[in-house]
Amino acid sequence: MKKSPLTVQNICGNEKKTTGKEALVKLLRWHFGFSDFRGKQLEAIQAVLSGRDCFCLMPTGGGKSMCYQIPALAKPGIVLVVSPLIALMENQVMALKEKGIAAEFLSSTQTSNVKSKIHEDLDSGKPSPRLLYVTPELIATPGFMSKLTRIHTRGFLNLIAIDEAHCISTWGHDFRPSYRKLSSLRNCLPDVPILALTATAVPNVQKDVIQSLCLQDPLVLKSSFNRSNIYYEVRYKDLLDDAYVDLSSVLKSSGDVCAIIYCLERTTCDGLSAHLSKNGISCAAYHAGLNNKLRSSVLDDWMSSKIQVVVATVAFGMGIDRKDVRIVCHFNVPKSMEAFYQESGRAGRDQLPCRSLLYYGVDDRKKMEFILRSSGSKKSESSSSQDGLSKKSISDFNQMVEYCEGSGCRRKKILESFGEQVPASLCKKSCDACKHPNLVAKYLEEISIICTSHRGNGISRIFINSSADVTHGEQFSEFWNRDDEAGTSEEDISDSDDGTEVVKSLAKSKLSRKSGVNDKIEFLQRAEENYYRNKSSDKQVNKLDKNAISEMVRESSKQRFLNALKEAQQRLGNLSIELEASAAFFENECYKKYGKSGKTFYYSQVASTLRWIKMTNSSELTNRLLSSTPARPENTMPKEEHPEKPSRLLEKKPIKYTDPELHSNVGSETTMCISQSKTQNASLSAELLAIPSFSEFVNRKKTKDNNNPCKSENQSPHSSKKRMRLQ
Ligand SMILES: Nc1ncnc2c1ncn2[C@@H]1O[C@H](COP(=O)(O)OP(=O)(O)OP(=O)(O)O)[C@@H](O)[C@H]1O
Ligand SMILES: [Mg+2]
């Protein structure tokens with residue numbers, strides 16, 4: 001229901017009282033129905049109403065818009081709002097109009113008829129909009145700047161609000177060159193207060209924003225970045241049989257909840273959206289490849305709950321405000337912690353519990369690294385200062401990798417990346433690493449095996465596959481910074497810019513064939529697209545690939561076994577074993593078991609065997625090496641698979657030792673002299689303990705540590721580190 005406008009003058013009749021809390025709360029209740037201000041809203045509002053500049057850092061969903069919407073209602077005149085996305089402006093203006101608040105926006109998407117009506121109104125003796133939303137590009141045009149100056153001279157311009165102000169900083173994660181031109185606002189309109197708002201600014205970005213906008217003695221308001229109602233979780237694609245199926249069942253089991261799924265590429269959006277729809281989930285794709293009409297209709301349908309799930313590229317980002325988003329899923333790893341924070345911040349804006357789910361894949365990581373490096377070389381070609389930026393984007397991305405691959409509280413990692421030091425207890429088990437530490441430690445162990453094997457591979461697989469023909473790819477990612485924006489024309493700006501930029505940059509490199517570097521980049525971009533297109537186009541091959549354990553992975557596992565055995569040898573003192581052959585033996589055991597199950601099973605076997613080696617005692621280890629695995633006909637096993645028979649794994653000289661640990665395991669006091677006789681092997685193998693599963697391992701370990709605290713303190717640094725991770 002629309003309400004008639006209420007100004008502070010109506011309430012108080014007295015200009016002096018208009019910035020008092022009581023009057024402002026009345027405005028808030030009347031127009032927005034909220035009982036009180038949140039966080040630092042009131043301080044920001046009072047500062048700007050008193051004519052002071054203000055820099056306001058509030059978390060995503062914290063209510064920054066209110067900091068300029070209330071001032072717009074408190075005084076006659078106009079609040080100018082600079083916003084980076086047309087979709088965002090449209091959205092806010094529509095919501096304000098529904099509340100009976102006069103608001104307009106100016107953008108290239110409007111018809112000239114609509115635009116000229118707004119301009120006429122602005123030129124009139126009494127302009128009607130209380131809030132006028134514009135793009136930074138429009139501000140940069142001389143015509144519009146003189147219009148603003150005229151409005152100001154007539155005493156109608158109360159405040160300039162720069163929303164998503166981090167876009168002004170080249171160090172910000174979503175830099176927009178057009179934002180830099182906003183510095184002219186202070187020169188042309190020196191006495192109009194400026195309010196800069198952002199949710200994502202590390203300290204040097206904050207400084208940059210304040211300097212670039214020439215804020216004078218601003219009131220700096222900072223709130224914690226913590227989004228306590230978001231539960232953070234990472235799922236590992238490499239450990240899942242099918243991430244599509246997994247996501248689909250997560251969504252189904254969560255009920256018909258509202259969700260945003262972010263993907264790197266448009267083709268993934270389309271494919272995933274089709275998959276989810278087939279599984280009965282109400283969803284649609286949203287990306288820059290769709291025309292404006294279709295995009296608006298998807299946004300409208302989603303905002304009005306006609307559809308619950310949007311599968312989108314980052315074109316669907318900053319400022320999107322549907323209150324009841326319960327799940328934000330990143331189906332590909334984002335490029336930086338700031339981007340991740342912004343996007344996951346779309347969840348739970350009603351302050352109710354919600355979930356951030358990130359699907360992390362080692363291939364995705366490699367792909368992002370590749371793109372960041374390629375875009376870095378492209379940039380450094382034009383300007384050496386860009387080189388620093390490309391290094392920065394890689395180090396920004398590394399924070400995201402650490403978020404996924406590192407152990408410890410995810411919330412703490414997010415907050416620390418913004419320079420906020422917090423105790424781990426702050427999380428209150430609201431991330432997977434705090435809630436299920438053992439499980440997450442297990443996943444991380446398995447992932448580290450996969451990562452090692454990828455590292456062993458040297459340069460990205462993309463390069464290996466890049467000899468394929470050049471594709472005229474339609475598969476674009478939309479995460480690029482917007483620093484390639486071509487001109488200052490307002491026409492350049494829309495929320496589809498991301499996609500346009502990629503098209504432009506590809507086109508550019510096509511044109512400048514003379515440049516060797518450009519050629520290379522173009523080739524690599526295409527090769528990369530080709531690689532991923534091929535990868536997703538052939539489902540059959542894909543399925544086979546998914547379960548294949550490459551020689552490289554096997555080699556890397558052997559290497560890990562070798563390292564673990566070396567450590568065990570040091571830890572256990574007098575253990576004489578053939579290291580290389582034993583490593584091959586353990587790897588082969590895992591590989592044979594994998595034959596029966598999937599790739600995940602292999603990784604999990606390798607991980608649990610490694611854990612076992614790291615914690616086991618001499619006798620268990622020796623017995624394991626002496627044991628024959630159940631006989632397998634010689635001809636079914638390729639020779640190179642099992643180069644060493646178990647009997648050759650122990651060094652030739654007999655070792656005499658007494659191990660008290662063995663007593664508890666085999667139930668009798670044993671002083672044993674190992675020989676390699678087959679008979680003896682057979683009798684020993686009957687007494688062998690199986691390599692424990694992960695939960696058995698943890699429980700056994702807990703019991704051991706409880707029984708013998710001194711011993712656990714004396715363990716090697718490596719095992720103590722692991723113990724910390726498991727607890
Ligand atoms: N004082 C308040 N009490 C209750 N709800 C509020 C209050 N202020 C704002 N909100 C609501 O909080 C939600 C988030 O507000 P808003 O869109 O302004 O967040 P934001 O800080 O701009 O976030 P982002 O950085 O993600 O754009 C909105 O739905 C808004 O209506
Ligand atoms: Mg906002």
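The values are calculated or read from the model by the stated rules, or taken from the named source; none is laboratory data. None of the values given here were measured: they were computed from a predicted structure. When we count neighbours, we look across all protein chains shown, and the Cβ atoms used for this are built from the backbone with ideal geometry, even at glycine. Heads up: the accessible areas ignore ligands, DNA and RNA and are worked out on the full protein's heavy atoms, side chains in. Shrake-Rupley method; radii C 1.70, N 1.55, O 1.52, S 1.80 Å.
Listing for the model above:
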| quantity | calculated |
| --- | --- |
| Odd one out for Cys188, checked against (1) surrounded by fewer than 18 Cβ atoms within 10 Å (Cβ to Cβ); (2) at pLDDT below 90; (3) in contact with a helix residue (DSSP H, G or I) (Cβ under 8 Å, 6 or more places away or on another chain); (4) not polar (S, T, N, Q) | (2) |
| Check on Tyr232, open to solvent by less than 40 Å² (accessible area, probe 1.4 Å) and either away from ligand 1 (no atom under 16 Å from the Cβ) or in the same structural domain as Cys451 (by TED's automatic domain parsing) (or both) | yes |
| Residues (open to solvent by 40 Å² or more (accessible area, probe 1.4 Å) and out of contact with any strand residue (DSSP E or B) (no Cβ under 9 Å at 6 or more places or on another chain)) located in the range 125-139 | Gly125, Lys126 |
| Condition broken by Ile101, with the remaining ones in (1) aliphatic (A, V, I, L, M); (2) farther than 25 Å from Ser297 by Cα; (3) surrounded by fewer than 24 Cβ atoms within 10 Å (Cβ to Cβ); (4) in contact (Cβ under 8 Å) with a residue 60 or more places away in the chain satisfied | (2) |
| Given (1) away from ligand 1 (no atom under 14 Å from the Cβ); (2) within 16 Å of Thr135 (Cα to Cα), number of the condition Gly100 does not satisfy | (2) |
| Strands (runs of 3 or more DSSP E) wholly inside the range 298-379 containing at least 1 residues that are crowded, with 20+ Cβ neighbours inside 10 Å and polar (S, T, N, Q) | 354-360 |
| Residue tally, condition in contact with a helix residue (DSSP H, G or I) (Cβ under 9 Å, 6 or more places away or on another chain), within 15 Å of ligand 2 (Cβ to nearest atom) and at negative phi, over the range 310-341 | 8 |
| Index of the failed condition, Asp270 passing every other in (1) modelled with pLDDT of 90 or more; (2) within 16 Å of ligand 1 (Cβ to nearest atom); (3) of a type outside the set (Ser, Thr, Tyr) | (2) |
| Selection from the range 193-209 of residues that are open to solvent by less than 40 Å² (accessible area, probe 1.4 Å) and away from ligand 2 (no atom under 16 Å from the Cβ) | Pro193, Ile194, Val202, Val205, Gln206, Asp208 |
| Any hit, the range 287-297, residues being open to solvent by 30 Å² or more (accessible area, probe 1.4 Å), at pLDDT 90 or above and either assigned to a helix (DSSP H, G or I) or at positive phi (or both) | no |
| Lone qualifier among Gly255, Gly271, Gly280 - being closer than 18 Å to Val333 by Cα, surrounded by fewer than 18 Cβ atoms within 10 Å (Cβ to Cβ) and not charged (D, E, K, R) | Gly271 |
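Each row is one residue, and each column tells you yes or no for (1) farther than 25 Å from Asn623 by Cβ; (2) open to solvent by 20 Å² or more (accessible area, probe 1.4 Å); (3) modelled with pLDDT under 85.
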position: Asp538; (1), (2), (3): yes, yes, yes
position: Lys546; (1), (2), (3): yes, yes, yes
position: Met552; (1), (2), (3): yes, yes, yes
position: Glu567; (1), (2), (3): no, yes, yes
position: Leu579; (1), (2), (3): no, yes, no
position: Lys593; (1), (2), (3): no, yes, yes
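Here is a yes/no grid of residues against (1) away from ligand 2 (no atom under 16 Å from the Cβ); (2) at negative phi; (3) not hydrophobic (A, V, I, L, M, F, W, C):
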{"position": "Asp174", "(1), (2), (3)": "no, yes, yes"}
{"position": "Tyr179", "(1), (2), (3)": "no, yes, yes"}
{"position": "Asp191", "(1), (2), (3)": "yes, yes, yes"}
{"position": "Ser223", "(1), (2), (3)": "no, yes, yes"}
{"position": "Tyr231", "(1), (2), (3)": "yes, yes, yes"}
{"position": "Val234", "(1), (2), (3)": "yes, yes, no"}
